[in-house]
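The values are calculated or read from the model by the stated rules, or taken from the named source; none is laboratory data. These figures come from a predicted structure and were not determined experimentally. Positions of Cβ are backbone-derived with ideal geometry, glycine not excepted, and every protein chain shown enters the neighbour counts.
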């Protein structure tokens with residue numbers, strides 16, 4: 001079956017390769033030789049109308065791996081508060097859940113320790129803090145199809161710290177660095193949010209098409225964005241220590257001629273080199289300093 | 001991937017097929033029964049188009065099509081269009097059918113790739129349906145069928161989110177991955193490169209709902225904008241004028257999905273030279289697909305059971321050629337590169353006696369409610385079709 005996502009999850013004790021597919025989540029040892037764990041998607045009631053596969057993978061809190069999973073609306077909303085004014089059509093609705101897996105330092109005794117249900121739309125991406133979280137800011141951010149962002153703290157139990165409501169535009173990709181949430185959207189915008197307060201700090205008209213990939217270089221705060229418009233941009237995030245203002249500058253643009261960029265990743269933690277993949281492209285393109 | 005993709009794939013490919021058939025029918029100017037001497041008669045294309053459109057929008061077929069399901073394989077889908085193209089008195093040789101299918105698929109691949117927003121795939125579909133309605137504007141019965149499907153499309157797809165449309169788009173792009181057949185009309189218009197890849201423009205209007213790239217806005221901790229900066233790139237984008245209509249009637253604005261053929265622009269395909277990708281794909285297809293039998297059974301049952309027009313006066317029909325001459329068609333059949341051949345499924349059918357017996361059994365089970373003069377012919381037709389694949 002098609003595997004929509006694959007990610008390396010670096011924990012202090014081990015590195016796992018996590019794959020998602022229509023059937024569920026698989027975890028492998030770093031050399032790919034042993035399957036450590038596999039979890040079948042818990043969606044027996046979901047009508048076939050729904051695109052059922054797990055999306056969003058991140059290592060968090062030193063010993064957890066979080067994966068996004070669509071869940072079926074079973075006639076009640078899992079939130080304490082009131083549900084939406086118009087109950088959605090039960091035959092075609094899913095919402096987004098985040099599965100939290102507890103990973104032992106070695107061996108295969110992985111357990112599903114929590115299911116976080118705060119998203120009303122399918123999860124699109126999950127990112128863990130890659131720098132130093134300021135006090136009060138979370139260390140995990142989850143994003144969904146409606147553009148809603150949830151901020152979590154992963155100490156012992158996962159706690160919801162804040163929610164940034166979406167405006168209907170899919171947040172396709174998200175990154176978290178030094179308390180700054182960088183979010184890429186289907187309409188080509190990049191927005192920077194303050195993780196602690198949930199306020200917007202920057203808005204960039206970055207791309208002319210759907211943003212597919214965001215990546216962050218933790219040593220320098222460089223941000224990489226790749227989109228269907230054939231462009232890959234490198235940005236620099238920073239925070240002014242006096243004013244606490246968040247800054248974003250444009251550093252570099254690459255146009256991958258006649259290619260819709262599907263993936264973009266930095267190849268080193270300082271962000272001096274990056275790799276790009278695209279639709280119908282059988283090569284991985286690598287870019288570095290001249 | 002998305003389980004709602006098949007109706008869009010089927011309707012858009014069907015629309016492209018009708019554009020091409022319409023153009024070839026006019027170019028070949030088939031003389032009709034009632035054609036007066038010396039007068040060019042466009043009438044014969046009407047019954048052919050009517051028969052195909054009426055079969056395509058058959059209510060039962062549409063009901064099945066709209067059920068959430070995975071996409072058919074390329075082989076199974078090709079068989080559906082074979083049946084559809086032969087739903088009238090028109091006949092197509094293998095080479096012409098191959099060319100027709102190549103053109104249909106590359107055209108829709110182009111449209112999906114260039115859609116500004118994922119949701120615009122719906123506007124492309126509406127463009128095809130608007131044109132189909134024009135083809136059968138004189139037949140209120142068939143027009144009704146098409147309108148019903150139109151309404152079903154609106155009901156099913158208009159409420160979907162951008163994210164769900166993006167999934168549909170990705171499902172379609174995976175289906176079309178690694179197809180790089182060069183199409184003459186695309187090469188001439190410079191929308192396709194000589195290596196078969198489509199040109200992706202970095203200028204023109206941005207999608208509705210997207211801003212022209214270039215602006216950075218900074219806000220302070222109170223949410224007040226405190227700074228603006230600009231950046232430049234090689235792109236040259238402008239704001240769009242208006243959004244296309246998603247209603248039953250309206251200006252779609254988007255040109256993708258409208259008819260790009262005309263009698264003066266003949267269509268040819270160049271077969272791309274062999275490439276590693278295509279060869280490996282061909283190898284993959286040879287492995288027996290246990291579901292292929294199921295798919296064929298289902299589709300054959302649906303389309304085989306439909307009432308297909310019999311030619312008046314007992315004529316056996318006429319043959320449409322997608323090439324300019326019969327010699328060209330013959331030559332194309334002989335020189336088609338192996339890896340682009342659609343014959344692959346046939347290797348299993350003829351070499352495995354068990355499979356052949358199974359297919360015969362399936363044919364025997366096809367529902368024939370009342371004895372129809374042509375039913376034996378249809379059964380043979382299907383077998384011949386599979387033999388000829």
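If I ask for residues that are within 30 Å of residue A:166 (Cβ to Cβ) and more than 9 Å from chain A (Cβ to nearest Cβ), which ones from the range B:170-200 would you list?
Selection gives B:172, B:175.
Only one of these conditions is not met by residue A:273: (1) out of contact with any strand residue (DSSP E or B) (no Cβ under 6 Å at 6 or more places or on another chain); (2) within 9 Å of another protein chain (Cβ to nearest Cβ); (3) farther than 17 Å from residue A:129 by Cα. Which number is it?
Of the numbered conditions (1) out of contact with any strand residue (DSSP E or B) (no Cβ under 6 Å at 6 or more places or on another chain); (2) within 9 Å of another protein chain (Cβ to nearest Cβ); (3) farther than 17 Å from residue A:129 by Cα, the odd one out for residue A:273 is (2).
Residue check, residue B:141 against (1) surrounded by fewer than 22 Cβ atoms within 10 Å (Cβ to Cβ); (2) within 13 Å of chain A (Cβ to nearest Cβ), all met but one. Which one?
Only one criterion is unmet by residue B:141, namely (2).
Does the range A:157-171 contain any residue that is surrounded by 24 or more Cβ atoms within 10 Å (Cβ to Cβ), within 11 Å of chain B (Cβ to nearest Cβ) and either over 19 Å from residue B:218 (Cβ atoms) or at pLDDT 95 or above (or both)?
Checking the range A:157-171: at least one residue is surrounded by 24 or more Cβ atoms within 10 Å (Cβ to Cβ), within 11 Å of chain B (Cβ to nearest Cβ) and either over 19 Å from residue B:218 (Cβ atoms) or at pLDDT 95 or above (or both).
Within the range B:192-205, does at least one residue satisfy the condition of being within 24 Å of residue A:283 (Cα to Cα), touching a helix residue (DSSP H, G or I) at 6+ places or on another chain (Cβ under 9 Å) and not in a loop (DSSP other than H, G, I, E, B)?
yes
On the given criteria, is residue B:228 surrounded by fewer than 18 Cβ atoms within 10 Å (Cβ to Cβ), in contact with a strand residue (DSSP E or B) (Cβ under 8 Å, 6 or more places away or on another chain) and under 30 Å from residue A:167 (Cα atoms)?
yes
Restricting the range A:183-196 to residues that are more than 7 Å from chain B (Cβ to nearest Cβ) and assigned to a loop (DSSP other than H, G, I, E, B), which is nearest to residue B:217 (Cα to Cα)?
Checking each candidate, the answer is A:195.
For the range B:231-242: of the residues being surrounded by 17 or more Cβ atoms within 10 Å (Cβ to Cβ) and within 31 Å of the chain's Cα centre (by Cα), which is farthest from residue A:201 (Cα to Cα)?
Among them, the one singled out is B:240.
Looking only at residues that are assigned to a loop (DSSP other than H, G, I, E, B) and within 9 Å of chain B (Cβ to nearest Cβ) in the range A:237-256, which one is surrounded by the most Cβ atoms within 10 Å (Cβ to Cβ)?
This residue is A:245.
Scan A:242, A:268, A:280 and give me the residue that is out of contact with any strand residue (DSSP E or B) (no Cβ under 6 Å at 6 or more places or on another chain) and touching a residue at least 40 places away in the same chain (Cβ under 8 Å).
Being out of contact with any strand residue (DSSP E or B) (no Cβ under 6 Å at 6 or more places or on another chain) and touching a residue at least 40 places away in the same chain (Cβ under 8 Å) holds for just one of A:242, A:268, A:280, which is A:268.
When you scan the range A:226-233, do you find a residue that is within 28 Å of residue B:120 (Cβ to Cβ), within 15 Å of the chain's Cα centre (by Cα), more than 10 Å from every other protein chain (Cβ to nearest Cβ) and at pLDDT 95 or above, even just one?
yes
Within the range B:152-164, can one find any residue that is within 9 Å of chain A (Cβ to nearest Cβ), in contact with a strand residue (DSSP E or B) (Cβ under 8 Å, 6 or more places away or on another chain) and buried (at least 19 other Cβ atoms within 10 Å of the Cβ)?
Checked the range B:152-164: at least one residue is within 9 Å of chain A (Cβ to nearest Cβ), in contact with a strand residue (DSSP E or B) (Cβ under 8 Å, 6 or more places away or on another chain) and buried (at least 19 other Cβ atoms within 10 Å of the Cβ).
What about residue B:257, is it touching a helix residue (DSSP H, G or I) at 6+ places or on another chain (Cβ under 8 Å) and in contact (Cβ under 8 Å) with a residue 12 or more places away in the chain?
In short, yes.
Is it true that some residue in the range B:69-89 is away from every other protein chain (no Cβ under 14 Å), in contact with a strand residue (DSSP E or B) (Cβ under 6 Å, 6 or more places away or on another chain), over 25 Å from residue B:174 (Cβ atoms) and modelled with pLDDT under 90?
Among the residues of the range B:69-89, at least one is away from every other protein chain (no Cβ under 14 Å), in contact with a strand residue (DSSP E or B) (Cβ under 6 Å, 6 or more places away or on another chain), over 25 Å from residue B:174 (Cβ atoms) and modelled with pLDDT under 90, which makes the answer yes.
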